[in-house]
Amino acid sequence: MLDLNALSQLKDLKSALHEDTKFSQGTVMGSFGRYGFVQNEKERIYLSSEQMSLTLIDDTIEYSVTEVNGKQNAIVESIVKSKLKELIGKYVIKGKGHFVEALDSRIQTRIYIPETLRNKAVENDIVRIKISKHPFKSEGNTQAKITEILGNLSDAGIWHKASIAHYELNTPTDLTDDEQKQYLSTFESTVHSRKNNNQDLTHLDFFTIDSQSSKDLDDAICVEKSNDKYTLHIAIADPSALINSDDILYKQALESCTSVYLPGKTIPMLPSFISNTLCSLLPNEERLAFVVTFEFDDTFKLIDSSISSSVIQSKRQYSYDEADTLIDSDKNLSVLKEITDSFFENRSNNEIIMQQSNDYQFNLNDDLTLDKITIKPISASAKMIEECMVFSNKWIASFLNKHDLGLFISQAGLRNNAKAQAIEFLNENITDFSEEKLSEPSYFTQCFNQLTHKQQLCIQKRLDRSEVTTKSANHWAMGIEQYCTFTSPIRKVNDFINHQFLHHIINKKAKPFVDKNILAQLNSQTRNARQASNQVENQIRIDSIADDEIFDATINHATPGSIICQITSIGGQCQYNLRKVKTAFNPLDFSHTIKKTTYNLNDEVQVKITKKDSFSGILECVIIENDE
């Protein structure tokens, strides 16, 4: 037995060792396995499954670093701050144990639910839980309490409920009758004021083109053509004329940041009285709008441009299907096509147009069960409107930048960890390629446009994601010096804020306040909205797929251990796991050679589904080889 002196010496030794060990702080990041990483501004260190079990996602931890088999491993020393308090998951029973599996794919461990904290949940219930015991304090055993039961996997519409809860998507509060009257009064007085200040453009023949079901019409077009000149007016609804920065609706919009379009269900950023009625550019109704006017000569060279805060009145509402059939016979539409064809030609020759995959329409019944999934047809009129929006957004970006104001969308080109392979790939495929000149955005555009369709995909996979910023910067993925969006202020808060900046410049109104916290919220919530929509679509899609079903597909991506295929008929991705397959992987072009067949990006293949789990979003397949 150790005497008290020996115990004291052992304690002092441990303390000395602890003081001599170098500690760092970082944030715990998940993976698709049980392992994870701890990351800070300087490094990203591997967390083994054992160490990962002591943490929760997004924990701030203090850690030391050791080396195992030549690889740096992080050792969790303490929890500085735990951010995860609640989560959404599926209630499962494994033997005598009752657990929740998290909807967040970054969390790969089950969370134990003690008998007294189960809230009468049954297997496959989708539940909200509150963490009651952190794993660091209980040798890796996380415990939680069920606080809410959202429904069961067998319930219609459960995927919508789960995503809305998981991503905290809040529907804006409906306006009371008195509140509606107040906004209507502000609207009427602003219309009157603008008309008295020569801002009345209701005499122009504006029209809208949108989907048949659209209610929040936020853009309208007017075109004029003379012998040697074209004029294009683009009107964008102006909700910022009614909603100021201290308005509760603005604060709610800052929280949600965007309207969310789930299959069969829309969660608007603004209340329907604002988005679908008072600010929607409905036909034969006077509406407030920013109008950007462009004048072109007969070669479509821009000769003049201006912007005004005005009153307009749309004279006609086209659906995409209707407009598509009238492009050649309707004078307004045929002139618009001439103008937008010139926009597209210029972008094709001088900028970058990224290749897009098919869009899919989810037709749901009233109870949110699936009727069918179809490929959205390519609409010529939708392309015309897209060209108008891109052109006006570029112009507004330049206008705001001249005043050193605005929210811009920047894209920094290649990811840092992908540059070396991208350079090697370009060197192999571009004649007289210059690595030194690749730091110039214009040269990157030139190189990208020299590549074939498949080669461009190899570069697209290596691009960094775009970010909303307060400083103008290049958008490498579009091949332009600066870009912003202002054409969807009813649906996106960054567009709304750009309208506030325009009011500050044009009408001397207060400048909107934007700090790093608002920017972080914008970027985060925009990603959340996109992920929520993708998640619900994917879960509904997987539910519709039969075991062993065979599909035509296109190879969309590849890693050293898998080939990712895009299903042609219904969209969505399935993964061909290659862990047990002998393959030669080329990291430059993402190709796999299996036996005598090489599979490249964008190759058409047939796949057979081998595993599916709608809750986790897992859809695995095998590629059917030609000799099968």
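Identify all residues within region 474-493 that are hydrophobic (A, V, I, L, M, F, W, C) and either touching a Pro at 6+ places or on another chain (Cβ under 9 Å) or open to solvent by 30 Å² or more (accessible area, probe 1.4 Å) (or both); write none if there are none. Listed by number, the residues that qualify are TRP476, MET478, ILE480, ILE490.
Contact annotation: residue pairs with Cβ atoms under 8 Å, 6 or more positions apart or on different chains, pairing a residue in region 484-501 that is over 15 Å from ALA235 (Cα atoms) with a partner that is of a type in the set (D, E, K, R) and surrounded by 24 or more Cβ atoms within 10 Å (Cβ to Cβ), are ARG491/ASP218. Residue selection: THR299 satisfies the criterion of being without any contact (Cβ under 8 Å) to a residue 40 or more places away in the chain, assigned to a loop (DSSP other than H, G, I, E, B) and open to solvent by 50 Å² or more (accessible area, probe 1.4 Å). If SER569 satisfies all but one of (1) assigned to a strand (DSSP E or B); (2) hydroxyl-bearing (Ser, Thr, Tyr); (3) under 30 Å from HIS166 (Cα atoms); (4) open to solvent by 50 Å² or more (accessible area, probe 1.4 Å), what's the number of the condition it fails? For SER569, the exception is condition (1). For PHE501, the criteria (1) in a helix (DSSP H, G or I); (2) more than 25 Å from ASN528 (Cα to Cα); (3) open to solvent by 60 Å² or more (accessible area, probe 1.4 Å) hold in every case but one, which is (3).
At least 2 residues being in contact with a Ser or Thr (Cβ under 9 Å, 6 or more places away or on another chain) is the threshold, and among the helices (runs of 4 or more DSSP H) wholly inside region 368-472 those reaching it are 380-402, 441-450.
Would you confirm whether or not region 572-586 contains a residue that is farther than 26 Å from GLN421 by Cα, in contact (Cβ under 8 Å) with a residue 60 or more places away in the chain and small (Gly, Ala, Ser)? No, the conditions are met nowhere in region 572-586.
The set of residues from region 572-596 being assigned to a loop (DSSP other than H, G, I, E, B) and surrounded by 16 or more Cβ atoms within 10 Å (Cβ to Cβ) comprises GLY572, LEU578, ASP589, PHE590. Number of residues in region 597-628 that are assigned to a loop (DSSP other than H, G, I, E, B), over 32 Å from the mean Cα position of the chain (by Cα) and closer than 24 Å to THR452 by Cα equals 0. Taking the conditions (1) of a type outside the set (S, T, N, Q); (2) open to solvent by 50 Å² or more (accessible area, probe 1.4 Å); (3) outside any loop (DSSP other than H, G, I, E, B) in turn, PHE551 satisfies each one other than (2). Against the conditions (1) more than 21 Å from the chain's Cα centre (by Cα); (2) part of a helix (DSSP H, G or I); (3) not hydroxyl-bearing (Ser, Thr, Tyr), ASN523 satisfies every one except (1). For region 224-248, a tally of residues being buried (at least 16 other Cβ atoms within 10 Å of the Cβ) and either charged (D, E, K, R) or at pLDDT below 95 (or both) returns 2. Among the residues of region 38-51, those identified as part of a strand (DSSP E or B), touching a Ser or Thr at 6+ places or on another chain (Cβ under 8 Å) and open to solvent by less than 60 Å² (accessible area, probe 1.4 Å) are VAL38, LEU47. Just one of the numbered conditions (1) open to solvent by less than 40 Å² (accessible area, probe 1.4 Å); (2) closer than 26 Å to ASP298 by Cα; (3) assigned to a helix (DSSP H, G or I) is not true of ILE352: (3). Candidates in region 273-296 are the residues that are over 30 Å from the mean Cα position of the chain (by Cα) and among the polar types (S, T, N, Q); of these, the one that is least open to solvent (accessible area, probe 1.4 Å) is THR293.
The values are calculated or read from the model by the stated rules, or taken from the named source; none is laboratory data. Because the structure is a prediction, the values reported are computed rather than measured. Here Cβ is always computed from backbone atoms with ideal geometry, including for glycine, and neighbour counts include all displayed protein chains. Surface accessibility is based on the protein's heavy atoms, side chains included, excluding ligands, DNA and RNA. Shrake-Rupley method; radii C 1.70, N 1.55, O 1.52, S 1.80 Å.
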